[in-house]
Amino acid sequence: MRLLACLALLVTTAAPAAAQTNPAHQALGAYAQYQNDVSVLLDAEIDSADALDAALARMARHDPGAVTRGWIAYNALTAAQSPAFVRGVRSRVSAAGRAPVIRQLRLDLTYARRRPPGDAEATQLIVAAVEADTARMDLAAARYEAIARDMDMSAWAIAEARSARHARLSGPGGSEPLPDAMAARLYIEAGAASPLTDRTAFGGVSFWDALAGRAAQPPPARPARERWLGGADRMRTLAGLIIVGAAQRERARVEELLGDRDTQHCLSLQQLQLRQCAASANSSNEDAFCLARHGFAGPAACFAALISF
């Protein structure tokens, strides 16, 4: 009995550490920090030029490549919470063997969409997660546009030289590590969460709000569907590798799947426009418009390219 108890403890304590060596989990942290900043700025009190400047710096500091990788990892791990897709991938392993399934996932980007049963449910989760995340960012954009339009901030002049401000916003802007309690909820294995029935679970439409302790209600669901097969195919393929437990062994394939140049380019352009807009702003009203349009709405559109309504 004592030996069994020790083995159980070893498995329990080793599982999170093993999960963190999965390259998808390692990539996820950057997107989690990004969405946590969205949560912070949805509720932040903006009562001075300094507060608005801090909000700008918070959204300008993220590396577009790292955010893109984390976004793909998050949605892949979300797809891996689909019971039907998990069963479907495992049924292919039972029928064809683990090695042939891994080989197909390594060589054919469309395999996870075409062959294992249950891909429709996985896609449903991906689309719902993308729509929910972009809706949060659109809500933040609306909030900062309202601040720009409705508050009298004419006295909040920007004294800093434009060149100095651009240099400051363009410099390395590391972000704080997530609290341990939040980070622990990110390291999840296939089939461990129930986002189809629990909107606050990993991959659920209220996950990021719940993670940040926000009581916000998700916006009404819209009839969204997948539009960009290339993006979702990356997520489904990575989800397949996670389900069969091959993400760490197939690290080269995972790195390839995480490297989405189109989304990264789109986010890079929005970051550049945010920094340039802020560098040329003459008042905090203009700062708020910059943040709304290029800190939130623009990046949201980059992510929303995956779906259509």
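A compact table of results
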{"item": "Highest-first arrangement of 296-307, 61-72, where packing means the average Cβ count within 10 Å", "result": "61-72, 296-307"}
{"item": "Pairwise FRET efficiency - residue 139 versus residue 167, Cβ, R0 = 30 Å, nearest 0.05", "result": "0.45"}
{"item": "Sorted by Cβ neighbour density within 10 Å, fewest at the top, the residues 34, 187", "result": "187, 34"}
{"item": "Helix 2-21 vs. the chain, principal-axis angle (Cα, 0 to 90°, nearest 10)", "result": "50 degrees"}
{"item": "Cβ-derived FRET efficiency at R0 30 Å, residue 45 paired with residue 248, nearest 0.05", "result": "0.10"}
{"item": "Residue-span extension gain [residue 262 to residue 110] - 0.36 nm each, minus C-alpha spacing", "result": "52.9 nm"}
{"item": "Amide H within-cut-off set for residue 81, under 5 Å, with H built and near neighbours excluded", "result": "191"}
{"item": "Relative exposure of 131, 189, judged by other C-beta atoms within 10 Å (fewest first)", "result": "189, 131"}
{"item": "Helix 64-79 axis, angle to the chain major axis (alpha carbon atoms, nearest 10°)", "result": "40 degrees"}
{"item": "With Cα atoms, 0 to 90° folded angle of helix 261-280 axis to the chain main axis", "result": "20 degrees"}
{"item": "Scaled radius of gyration (Cα, divided by 2.2 N^0.38 Å) that the range 22-308 gives", "result": "1.05"}
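Every number here is computed from the coordinates shown, using simple stated rules; none is lab data. Keep in mind that what you see is a predicted model, and the values were worked out from it rather than measured. All Cβ positions, glycine included, derive from the backbone under ideal geometry; neighbour counts span all protein chains shown.
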